Amino acid sequence: MTFVPALHPLPSGLVNLDDHEAHARSLLDDNAWAYFAGGAADELTLAANRQAWNRLQLWPRVLTKVAGGHTRTTLLGHPLACPLLVAPMALQTMAHADGELAMAYAAAALGAGMVLSTQASQPLEPIAQAVQDMPGAGPLWFQLYLQPDREFTRALVQRAEAAGYQALVLTVDAPVNGVRDRERRVQFRPPAGVSAVNLQRMRTAPSVALSHDQSALFDALLLHAPSWEDLAWLRAITRLPIVLKGILHPDDARLALEHGADGIIVSNHGGRTLDTVPPTAQVLERVVDVVRNSATPHTPVLVDGGIRRGTDVLKALALGADAVLVGRPALWGLANAGAAGAAHVLRLLRDELEAAMALTGCRTLADITSNVLLRHNSAR
């Protein structure tokens, strides 16, 4: 399949990711905005994600030879033009009619990676087919929630494998939805014609009769929540690498490695699940320390949450991440100009990363160490 993105001119005046957000707000209705932009409860973690990157300070070096530098890297054996991936986000046709197809096209065109959501609003097969032969395309991964209907889950994994997805990203931090006040205020509902099409025909868990002193959450819904043992089941049914998304605690990082995870994504679900958890920038280094001191020290560690500048990407790499995932900003670009808008967001981040690398004396990603960050106990 050849996907031809709609030709939408990029609105004028968009010079950074905040500009993209402001313009997208003028286009999206309250229903879509609450779903895409909102976080859990008081949205303290949503705000803290951004603030934590801002608090980190870069310590530049001068007169360093950086000519001929680049941002190229590899991830699980697949090349990336820059250490950027688009995070999994559901129902993208609410933002633009071209939806996930346009997002995947934008990522592939920029040599970035893409993680397709289980709850994508377009079928997974044509998305993979549209970008798999694009020269220089980055890796294409499929995000997975383990469903109570395990045979359906098995079939979904088999579809992803057959379509050419190169890894599974198992989201582990959302056995239940967060308490999202913004969505409740607008009584969020997907608009007509928008749904999680890849979950069609999935059997729902049978209802459970509850007494007055039982909990609909603990005594019903969570009966089918996945556990560490289920990771072994997933490993047994797929040949793809498995990356766990939603790790914040170092002890969970240890368990992930013990259970054979091929990668870890430090994430708090964009502040959408449990409010007042720490921002990802604050815990990233602790998770990295666990991985680098393990029996599998080269296991990739990625991070998301609040990335809005190329300097944020540099800071994440300095804290030990191998790459970052970008969520909402890519979606704002999609809303503003389809594939061209999403590509513009990714290009802005790459250009800003290159400038930040040059100004901190880093010719390649391998040169980025914790020394580019000013610590409180750093030598004067």
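State to the nearest 20 debye the size of the charge dipole of the chain about its Cα centre, where the only charges are +1 on K and R beta carbons and -1 on D and E beta carbons.
Roughly 740 debye for the chain.
Past the 17 angstrom mark, what percentage of all C-alpha to C-alpha distances in the range 229-338 do you count?
Roughly 56 percent, rounded to a whole number.
Whole-Hz Karplus ³J(HN,Hα) for the range 258-271, in order, using 6.51 cos²θ - 1.76 cosθ + 1.60 and θ = phi - 60°, x for Gly and Pro?
Ordered by residue, 3J(HN,Hα) equals 4, 8, x, 4, 8, x, 10, 10, 6, 7, 10, 6, x, x Hz.
With contacts defined as alpha carbon pairs under 8 Å and 6 or more residues apart, what's the relative contact order of the chain in percent?
Values: 751 pairs, mean separation 107.5, N = 380.
28 percent.
To the nearest 0.05, what FRET efficiency results for LEU374 and ALA47 with a Förster distance of 30 Å applied to their C-beta separation? Provide the component values of the computation, followed by the final result.
On the way: r = 23 Å, r/R0 = 0.77.
So the FRET efficiency works out to roughly 0.80.
Determine ³J(HN,Hα), in whole Hz, for all residues of the range 80-92 in sequence, where each value follows from phi through the Karplus function 6.51 cos²θ - 1.76 cosθ + 1.60 and θ = phi - 60°; x replaces Gly and Pro.
Working through the residues one at a time gives 10, 6, 7, x, 10, 9, 7, 5, x, 9, 7, 6, 6 Hz.
What residues qualify as long-range amide H neighbours of ARG180, i.e. H under 5 Å apart, gap of 5 or more or another chain, H built at 1.01 Å from N?
ALA41
So between GLU161 and ASN16, what do we pick up on full extension, going 0.36 nm a residue minus the alpha carbon distance?
Between GLU161 and ASN16, full extension yields 48.6 nm more.
LEU58 to ASP351: extension gain in nm, 0.36 nm per residue of separation minus the Cα-Cα distance?
Net length gain for the segment: 103.8 nm.
Taking all protein chains as present, what is the carbon and sulfur share of the accessible area of the chain, in % to the nearest whole number, probe 1.4 Å?
That fraction is 53 percent.
Rounded to the nearest 500, what is the chain's calculated 222 nm mean residue ellipticity when only DSSP H runs of at least 4 contribute -39500 (n - 2.57) each, over all residues?
-12000 deg cm²/dmol
For ASP251 and ALA97, FRET efficiency with R0 = 51 Å and r from the beta-carbon atoms, rounded to 0.05?
The computed FRET efficiency comes out at 0.70.
Return the FRET efficiency for the residue pair ARG184, ARG25: r is the Cβ-Cβ distance, R0 is 22 Å, and the value is rounded to the nearest 0.05. The partial results should precede the final answer.
Details: r = 20 Å, r/R0 = 0.89.
Efficiency at R0 = 22 Å is approximately 0.65.
Rolling a 1.4 angstrom probe over the protein heavy atoms, how many square angstrom per residue are accessible across the chain?
Ligands and nucleic acids excluded, the figure is 45 Å² per residue.
Dividing the convex hull volume of the alpha carbon atoms of the range 16-58 by its residue count, what do you get in Å³ per residue?
Hull volume normalised by residue count: 74 Å³.
Mind pulling up the Rg/Rh value for the range 14-159? Radius of gyration and Kirkwood radius, both on Cα.
Ratio of gyration radius to Kirkwood radius for the range 14-159: 1.02.
Can you give the convex hull volume per residue for the Cα atoms of the chain, as a whole number of Å³?
That works out to 156 Å³ per residue.
Roughly speaking, what is the stretch gain from THR238 to ARG154, that is 0.36 nm per residue apart minus the C-alpha to C-alpha distance, in nm to one decimal?
Between THR238 and ARG154, full extension yields 29.4 nm more.
The values are calculated or read from the model by the stated rules, or taken from the named source; none is laboratory data. None of the values given here were measured: they were computed from a predicted structure. So basically every Cβ, Gly included, is an ideal-geometry build from the backbone, and we count neighbours across all protein chains shown. To get the accessible areas, we keep the full protein, side chains included, count just its heavy atoms, and leave off ligands, DNA and RNA. Shrake-Rupley method; radii C 1.70, N 1.55, O 1.52, S 1.80 Å.
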